[in-house]
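Values in this text are rule-based calculations from the coordinates and carry no lab data. What you are looking at is a predicted structure, and each value in this text was computed from that prediction instead of being measured. No Cβ is skipped: glycine too gets one built from the backbone with ideal geometry, and neighbour counts run over all protein chains shown.
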Amino acid sequence: MNGGRMGMMRYSTINNKNNKQQRVETTVSPTTTVGNNAPIFQFTDPALNAKAATVKEQLLQWCQSKTMEYENVQITNFSTSWSDGLAFCALIHHFLPDAFDYNQLTPQNRKNNFELAFTVADEKAGIAPLLDVEDMVAMKRPDWKCVFVYVQSVYRRFRNCQ
């Protein structure tokens with residue numbers, strides 16, 4: 001399956017555009033460290049790695065630009081920066097300022113912050129609540145991949161808005 005190379009995985013497709021069988025391989029190599037937020041795998045092609053990192057960085061910068069003027073919000077990553085719910089609230093409030101009064105929110109009221117952000121995003125913007133409030137409250141360090149996916153939904157909804 002891995003062609004005799006330790007740690008290599010290959011994925012194949014068998015139909016090309018003319019419906020003829022064709023073998024296409026993509027090779028990835030797993031990483032051995034997970035505790036330092038390293039990805040579970042990385043592409044062996046450096047160009048693919050750079051592109052993936054760029055997308056993550058671009059989304060992070062987009063979030064920073066939309067929330068820079070909000071008190072108690074400093075987005076530096078897709079995990080701990082989102083742990084009190086205020087970053088979600090600030091991002092949603094930026095696009096829907098009449099939906100709630102951001103200035104009434106506090107970092108200590110995490111559950112309310114998550115509920116507010118996810119409910120307003122769902123009801124007023126049609127953004128599916130992909131994250132569970134109880135899970136977010138239980139975690140001091142949210143899973144960055146889950147936050148990243150949800151923030152992508154926010155981006156897709158508001159990318160053409162100021």
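A few comments on the model shown:
- All of 78, 88 fail the test of being of a type in the set (Phe, Trp, Tyr) and out of contact with any Lys or Arg (no Cβ under 9 Å at 6 or more places or on another chain), apart from 88.
- Counted as qualifying within segment 48-162 are the helices (runs of 4 or more DSSP H) with 1 or more residues that are touching a Leu at 6+ places or on another chain (Cβ under 7 Å) and buried (at least 19 other Cβ atoms within 10 Å of the Cβ), namely 86-95, 110-125, 144-158.
- Here 143, 98, 132, 122 are screened, and the one residue that is of a type in the set (Asp, Glu) and touching a residue at least 24 places away in the same chain (Cβ under 8 Å) is 143.
- Neighbours by Cβ (under 6 Å, 6+ apart or cross-chain): first from segment 65-83, farther than 19 Å from residue 149 by Cα; second part of a loop (DSSP other than H, G, I, E, B): 72/107
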